[in-house]
Amino acid sequence: MIVVMKPNCSEAAIEHVLRFLEQEGFTGHLSRGVERTVIGVIGSVNVQNPPGKGMITPALGEALEAFPEVEGVFRVSKPYKLASREFHPDDTVVEVPVACVAGGTVRIGGPAVVMMAGPCTVENEKQLMTTAEAVRKAGAVILRGGAFKPSTSPYGFRGLGEEGLKLLAKASREFGMAVVTEVMTPADVPLVCEYADILQIGTRNMQNYMLLDEVGRAQKPVLLKRGMAATIEEWLLAAEYILSQGNRAVILCERGIRTFEKSTRNTMDLSAIPLVKQLSHLPIVADPSQGTGRRDLVAPMTLAAVAAGCDGLLIEVHPNPEVALKDGAQSLTTEQFAELMPRAEAVAQAIGRSFVTA
Ligand code: PEP
Ligand code: MN
């Protein structure tokens, strides 16, 4: 349930409600919006709860309604709570430090669309530096690149590991870009946090709940890919895991889902973008590379995703896709990426938005 405080309520009143909730066996999740402050109260079915504690009851609602600075108490109808628009009516904006932009911060989920680009996988220094330089020059401000790669086949390339993270950090210093890279296990979270600005959770790990818990305790934004067979509700519940551990900097990423269609690697669910915007306050980015699996479809689906209202894009680029160790068929050349940027900017402008520029 959510407790809506009266406009301009005092800090003491908020504190009072939080303390009461604690006594009743709940943690209050505070959200300060432009218009109002709300406190989320989440019940849990936990065998460790003392008898009668931790369950949302009508009596709890009545007790909270009696507080003088509480305006009202409402039930959140969705199974995900902290991720829902009901709990947090304003858009969440995730701030990422990026040296190459004016002011040194990129806001994901604000009016400007953010371009994240780079190779699927970090292969070697030359490949990464060439790609980073090219995508940065074309307008990307966040560098993507996998160091720990999930591979469907155990014989596929599984990434350079920490060596790849070091190369990403080097490219980040050299070109002033932030880095988004995947973390695959809870044990690797501290290591990846040392090098990355955004932790990517891959499609195969969207329901790895131990990993979601761990990144939920990390002090870095998380880019949460949609599971390839996950419903939007399951995806938002995965986001809820991260949010409920205290990390509010969650960015969703639509990367295509499994359907009966075989001519594309995945079916890119563009309608998920405006729908997620209605259901949740979290920013959403689009990955047309995994979304289609085909280089010739990446540009049109990028433009379509911008038109559908995405807050950012994650695009694979390789200096020579023919020899890429992973995902070459869906990687743009650096030239194709440079041609795409102004077209994506034109679509953003047509819907009253812009792109973050470096
Ligand atoms: C990737 O971004 O290269 C990747 C492995 O993505 P996904 O988890 O969406 O397959
Ligand atoms: Mn890839």
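Listing for the model above:
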| quantity | calculated |
| --- | --- |
| Count - residues of the stretch 303-335 that are in a helix (DSSP H, G or I) and either of a type in the set (A, V, I, L, M, F, W, C) or surrounded by fewer than 16 Cβ atoms within 10 Å (Cβ to Cβ) (or both) | 9 |
| Hey, Met55 closer than 30 Å to Ile232 by Cβ, hydrophobic (A, V, I, L, M, F, W, C) and without any contact (Cβ under 8 Å) to a residue 40 or more places away in the chain or not | yes |
| Test result for Pro154, over 14 Å from Ala178 (Cα atoms) and surrounded by fewer than 19 Cβ atoms within 10 Å (Cβ to Cβ) | yes |
| Single residue of the stretch 1-31 satisfying the filter (hydroxyl-bearing (Ser, Thr, Tyr) and open to solvent by 20 Å² or more (accessible area, probe 1.4 Å)) that is farthest from the chain's Cα centre (by Cα) | Ser10 |
| Total residues in the stretch 180-209, condition open to solvent by 50 Å² or more (accessible area, probe 1.4 Å) and in a strand (DSSP E or B) | 0 |
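Per-residue answers, yes or no, for (1) open to solvent by less than 70 Å² (accessible area, probe 1.4 Å); (2) at pLDDT 95 or above; (3) in contact with a Cys (Cβ under 7 Å, 6 or more places away or on another chain); (4) more than 16 Å from ligand 1 (Cβ to nearest atom):
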| site | (1), (2), (3), (4) |
| --- | --- |
| Val70 | yes, yes, no, yes |
| Pro79 | yes, no, no, yes |
| Gly104 | yes, yes, no, yes |
| Ala117 | yes, yes, no, no |
| Thr131 | yes, yes, no, no |
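Residues are listed down the side, and each one gets a yes or a no for (1) within 16 Å of ligand 2 (Cβ to nearest atom); (2) of a type in the set (Ser, Thr, Tyr); (3) surrounded by fewer than 20 Cβ atoms within 10 Å (Cβ to Cβ); (4) within 23 Å of Pro119 (Cβ to Cβ):
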| site | (1), (2), (3), (4) |
| --- | --- |
| Thr231 | no, yes, yes, no |
| Val250 | no, no, no, no |
| Thr267 | no, yes, yes, no |
| Gln290 | yes, no, no, yes |
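The values are calculated or read from the model by the stated rules, or taken from the named source; none is laboratory data. These numbers were taken from a predicted model, which means no experiment stands behind them. Glycine gets a Cβ as well: all are built from the backbone with ideal geometry, and neighbour counts include every protein chain shown. Heavy atoms of the whole protein, side chains included, go into the accessibility calculation; ligands, DNA and RNA do not. Shrake-Rupley method; radii C 1.70, N 1.55, O 1.52, S 1.80 Å.
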